[in-house]
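Engineer: Below you'll find the structure I mean.
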Number of protein chains: 2
Amino acid sequence: MNSNTPTFTDLVSSLPASVPFVGPETLERKRGKSFDARIGANESAFGISPAAQKAMQQALQQNGCSWYGDPENFELRQELAKMHGVQNDEICVDAGIDSLLGLSVRMLVEPGAAVVTSLGAYPTFAYHVAGFGGKLITVPYLDNHEDPQALLAQASDCDARIIYFSNPDNPMGTSHPAQRVQQLIDDLPPGCVLALDEAYAEFAHHSLTPAIDTSNPQVIRYRTFSKAYGMAGMRIGYVIANRELISGFNKIRNHFAVNRLAQIGALASLRDNEFLPQVKQRVEAGRQRIYGMADELGLSYLQSSTNFVAVDLGDGDRTRWFLEALTDRGVFIRMPGVAPLSRYIRVGVGTASEHEQFESVFRQLLSESATTA
Amino acid sequence: MNSNTPTFTDLVSSLPASVPFVGPETLERKRGKSFDARIGANESAFGISPAAQKAMQQALQQNGCSWYGDPENFELRQELAKMHGVQNDEICVDAGIDSLLGLSVRMLVEPGAAVVTSLGAYPTFAYHVAGFGGKLITVPYLDNHEDPQALLAQASDCDARIIYFSNPDNPMGTSHPAQRVQQLIDDLPPGCVLALDEAYAEFAHHSLTPAIDTSNPQVIRYRTFSKAYGMAGMRIGYVIANRELISGFNKIRNHFAVNRLAQIGALASLRDNEFLPQVKQRVEAGRQRIYGMADELGLSYLQSSTNFVAVDLGDGDRTRWFLEALTDRGVFIRMPGVAPLSRYIRVGVGTASEHEQFESVFRQLLSESATTA
């Protein structure tokens, strides 16, 4: 670099060259071959709605790729508003929750202002807080659950602008009942927004989602087509919030961010009443299968409200050993990054063949580790 | 809103509720029916590469929508690097140039710092400068071309962090030869980055793009699959720059921003050697047709290096009248937003039937305006 070299802003200069997640493709390039089972990114193993498939296929044939998507995401918002019993202007659609979390931090957090989350919670949220100069303050999980009480106390203490809270939780898969979340909402300190990530809400047994109340200007609900709807690769999600908050998103978002096929697929998914119940059933069956395997192997695990199950391997070093060995033998899987959560390995519900692949390698590793112990 | 109401950052509070562009779908909803010709957003009328179509179709059938895209965009960067004769880590792929412009401003422009562009140039760039608190300073076009001399002088005066320059230019369609652009690069003030938007580069007769030199830390080249490759609806574009600059993008971008189908389609497009020459030919034929029509009607126009032609209607009020009347009668079209550029209407190269539709309505309006004049 010569002396003419432009400089980054102080903030960007100060950021580390980190990434929230290493993708499975990166690991595949390192191994020199593809994974046999891809159960590490909480993607859906059960595809997309046939209606969405058909609609996107048609759009693809009719040259729907060449036109920009509707920057207002109007039809989709209309359908979502109907479904959630809110107004169109209480919804903002964007290219996935990751992007919406970035926008949330950008619009609410001045550099140096505090943001509260749980230690070990979603790394991409932490990435955005750092990226906009916020000060991330964490509280520990309590018995593998996010701890509303501790989050609230910390938020009060540090005058937090945002509490990030995912329910059901990622990476643990645990959840709180709707009533407990409502209490968290009711107890929010003045001026603090609850970023309520409900990416996995559709997988829960019972509703974990308190009634949506867009008159409350302190809550943003994050929803996605990436999980139960199986459209992670299409990049589309949305927030539901008070219209004042939505107006903030609209002031800074990339208006043409959502791809046209995703808009078409998402709309078709919503209008397909049969798909989601089937996915939920298959995910439930997949969880039971993981529970059954763990029971048989004498491993404890956490009851999951998501499409993955945290299985207890005793401690972080041991989990990391399993993770690396599984990766070596063709199973893409992840684990929580920090103790004490890192004693668990996060087993995604895969297809039947992915589960078999995982279980076979996992059993083998268990017996190898027993022999060497 | 109650007294608990959270507040936006000062910057976001100060932003107007504006959007860079009103989408054609918004206008269609207002009219209550679809447009017959969509020639206003510089989208391609000639579709996507058959290879891309096939690859995406296959991915769609094989459930490629359910997996996140590779956050490294590795294969695509590798192919692009080969094509441009640069290294993988001198390229950053993201969900379109709009997003990359936002990231550029975010990483280079401290609040209050100056950025220079031409008066009437790309509104989305201006939107991002405002969105990150930069101070946008404009210089006039010179004879309907961006004016490198004036941009440089202004950048020196105000210690600009970025000069935004599109070549070929949008909205005028004019261009500068490679040599002139190289001169602009050579004369950049220290610490100033040239954001060189080459979205339309493929449509030019002769190469307007100076040799790519990634050893120069002051230039970012923006390329896209939205225009000649016909993939506007898929959201994928990239920058080529010095690896130091690329490292900045990587520190703040949404790593999973690009949808998987777009990655697959873009890669297949690059490997299809036949598609692009055909598109260029058809665009050239379309331009000739617009020139021919204008000649016949006694209207002057600008020689275009893009997939649209600026046709002179005399003054902004008259252009606006035409634009509204065209919109009413089923033709989606746009015009430059500010004088003196606004005397031109921007006629996109459409399909044959779109052109006929436009030409028929346009001729009708010309005769109506002659009668009423």
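Taken together, the values in this text are just the output of simple stated rules run on the coordinates, not laboratory data. Worth saying up front: this structure is predicted, and the values here are computed from it rather than measured. All Cβ positions, even for glycine, are placed from backbone atoms using ideal geometry, and neighbour counts span all protein chains on display.
Engineer: Would you mind getting me the FRET efficiency between B:L299 and B:H206? Use the beta-carbon distance for r and R0 = 25 Å, nearest 0.05.
Structural biologist: 0.45
Engineer: For chain A, what is the calculated [θ] at 222 nm in deg cm²/dmol (nearest 500), taking -39500 (n - 2.57) for each run of four or more DSSP H residues and dividing by its residue count?
Structural biologist: So the helix-based figure for chain A works out to -13000 deg cm²/dmol.
Engineer: Using the Karplus curve 6.51 cos²θ - 1.76 cosθ + 1.60 with θ = phi - 60°, what ³J(HN,Hα) values do you get for each residue of region B:171-178, in whole Hz, with x for Gly and Pro?
Structural biologist: x, 8, x, 7, 8, 10, x, 3
Engineer: How large is ³J(HN,Hα) for each residue in region A:320-326, as worked out from phi by the Karplus curve 6.51 cos²θ - 1.76 cosθ + 1.60 (θ = phi - 60°), to whole Hz, x for Gly and Pro?
Structural biologist: With the stated coefficients, region A:320-326 comes to 4, 4, 4, 4, 5, 5, 4 Hz.
Engineer: Separate question: With +1 assigned to the C-beta of every Lys and Arg and -1 to the C-beta of every Asp and Glu, and no other charges, what is the dipole magnitude of region B:1-76 about the Cα centre in debye, to the nearest 20? Write out the running numbers ahead of the final one.
Structural biologist: Numbers: 6 positive and 8 negative charges, 102 e Å.
Taking the Cα centre of region B:1-76 as origin, the dipole is about 480 debye.
Engineer: Measuring from label point to label point, each 7 Å out along Cα→Cβ, what is the B:Q288 to B:D157 span in nm?
Structural biologist: So the two model labels end up 4.4 nm from each other.
Engineer: Follow-up question, since we're still on this one. Can you list the residues, at least 5 places off or on another chain, whose amide H is less than 5 Å from the amide H of A:S166, using H built in the peptide plane?
Structural biologist: A:D197
Engineer: Let me ask something else about it. Given the options B:G120, A:T26, B:Q62, identify the residue whose Cα lies farthest towards the positive end of the charge dipole of the protein assembly as shown (+1 on Cβ of Lys, Arg; -1 on Cβ of Asp, Glu).
Structural biologist: Farthest towards the positive end: B:Q62.
Engineer: Once the label point is placed 7 Å from Cα along Cβ, list for B:E368 the distances to the corresponding points in the other copies, in nm, shortest first.
Structural biologist: Label point to label point, same position, other copies: 7.7 nm.
Engineer: OK, next. According to the square roots a ≥ b ≥ c of the eigenvalues of the Cα gyration tensor, what is the shape class of chain A, taking rounded for a/c under 1.5, prolate for a/b larger than b/c otherwise, and oblate for the remainder?
Structural biologist: It is rounded, given that a/c, with a ≥ b ≥ c, falls under 1.5.
Engineer: Express in nm, to one decimal, how much length is gained between B:A352 and B:N4 on full extension, taking 0.36 nm for each residue of separation and deducting their alpha carbon distance. Before the final figure, lay out the partial values.
Structural biologist: Values: separation 348, 0.36 × 348 = 125.28 nm, distance 5.78 nm.
Extending this stretch completely gives an extra 119.5 nm.
Engineer: Among B:V86, B:G230, B:Q218, pick out the residue whose Cα is farthest towards the positive end of the charge dipole of chain B, where Lys and Arg carry +1 and Asp and Glu carry -1 on C-beta, about the Cα centre.
Structural biologist: Looking along the dipole axis, the top candidate is B:G230.
Engineer: Which residue, chosen from A:N144, A:A268, B:P189, occupies the Cα position most advanced towards the positive end of the dipole of the protein assembly as shown, where the dipole is computed from +1 (Lys, Arg) and -1 (Asp, Glu) charges on Cβ about the Cα centre?
Structural biologist: A:A268
Engineer: Report the local net charge at A:S215: Lys and Arg +1, Asp and Glu -1, summed over other residues whose C-beta lies under 12 Å from its C-beta. Intermediate results must be reported in sequence, preceding the final value.
Structural biologist: Numbers: positive: A:R243; negative: A:E90, A:D213, A:E244.
Once positives and negatives cancel, what remains is -2.
Engineer: Another question, if that's okay. In whole Hz, with x marking every Gly and Pro, tabulate ³J(HN,Hα) for region B:60-77 from phi via Karplus 6.51 cos²θ - 1.76 cosθ + 1.60, θ = phi - 60°.
Structural biologist: 5, 5, 8, 6, x, 7, 8, 9, 4, x, 5, x, 8, 6, 4, 4, 5, 4
Engineer: Can you list, shortest first and in nm, the gaps between the label point of A:P177 and those of its counterparts in the other copies, using a point 7 Å from Cα in the C-beta direction?
Structural biologist: 7.9
Engineer: Using the Cα gyration tensor of region B:222-373, with a ≥ b ≥ c the square roots of its eigenvalues, what is the shape: rounded (a/c below 1.5), prolate (a/b larger than b/c) or oblate (neither)?
Structural biologist: The shape class here is prolate.
Engineer: To the nearest 20 debye, what charge dipole does the protein assembly as shown have about its Cα centre, counting +1 at the Cβ of each Lys and Arg and -1 at the Cβ of each Asp and Glu?
Structural biologist: For the protein assembly as shown, the charge dipole is close to 880 debye.
Engineer: Also, quick follow-up: With an 8 Å cut-off on Cα pairs and a minimum separation of 6 or more residues, tell me the relative contact order of chain A in percent.
Structural biologist: Reported relative contact order: 23 percent.
Engineer: Return the long-range amide H neighbours of B:A114 (sequence gap of 5 or more, or a different chain), with a cut-off of under 5 Å between placed amide H atoms.
Structural biologist: B:K135, B:R161
Engineer: Given an 8 Å cut-off on Cα distances and at least 6 residues of separation, report the relative contact order of region A:50-270 as a percent.
Structural biologist: 29
Engineer: Can you figure out the FRET efficiency of A:L27 with A:Q179, using R₀ = 45 Å and their beta-carbon distance, to the nearest 0.05? Spell out each step's value before the answer.
Structural biologist: On the way: r = 41 Å, r/R0 = 0.91.
The computed FRET efficiency comes out at 0.65.
Engineer: What does the C-alpha gyration tensor say about the overall shape of the protein assembly as shown? Classify as rounded when a/c is under 1.5, otherwise prolate if a/b is larger than b/c, or oblate. Working shown, then result.
Structural biologist: Numbers: a/c = 1.70, a/b = 1.66, b/c = 1.02.
Cα axes put the protein assembly as shown in the prolate bin.
Engineer: Would you mind listing the distances between the B:R29 label point and the same position in each other copy? Use 7 Å along Cα-to-C-beta, nm, one decimal, shortest first.
Structural biologist: 4.1
Engineer: Could you check the spin-label model distance between B:Q278 and A:M83? Points 7 Å from the Cα along Cα→Cβ, value in nm.
Structural biologist: 3.7
Engineer: OK, next. Just add up the charged neighbours of B:G120: K/R +1, D/E -1, any other residue whose Cβ is under 11 Å from the Cβ of B:G120.
Structural biologist: Overall, the nearby charge balance is -2.
Engineer: Taking H as built 1.01 Å from N, whose amide H comes closer than 5 Å to the amide H of B:F308, not counting residues under 5 places away?
Structural biologist: The list, which skips near neighbours in sequence, is B:V349.
Engineer: Related question: Where in region B:316-364 are there GluC sites (Glu not before Pro) that are in a DSSP coil and have at most 10 other Cβ atoms within 10 angstrom of their Cβ?
Structural biologist: Here no GluC sites (Glu not before Pro) fit, given the DSSP loop and packing criteria.
Engineer: Could you check what % of the DSSP bridge pairs in region A:50-270 are antiparallel, to the nearest 5?
Structural biologist: The antiparallel proportion sits near 40 percent.
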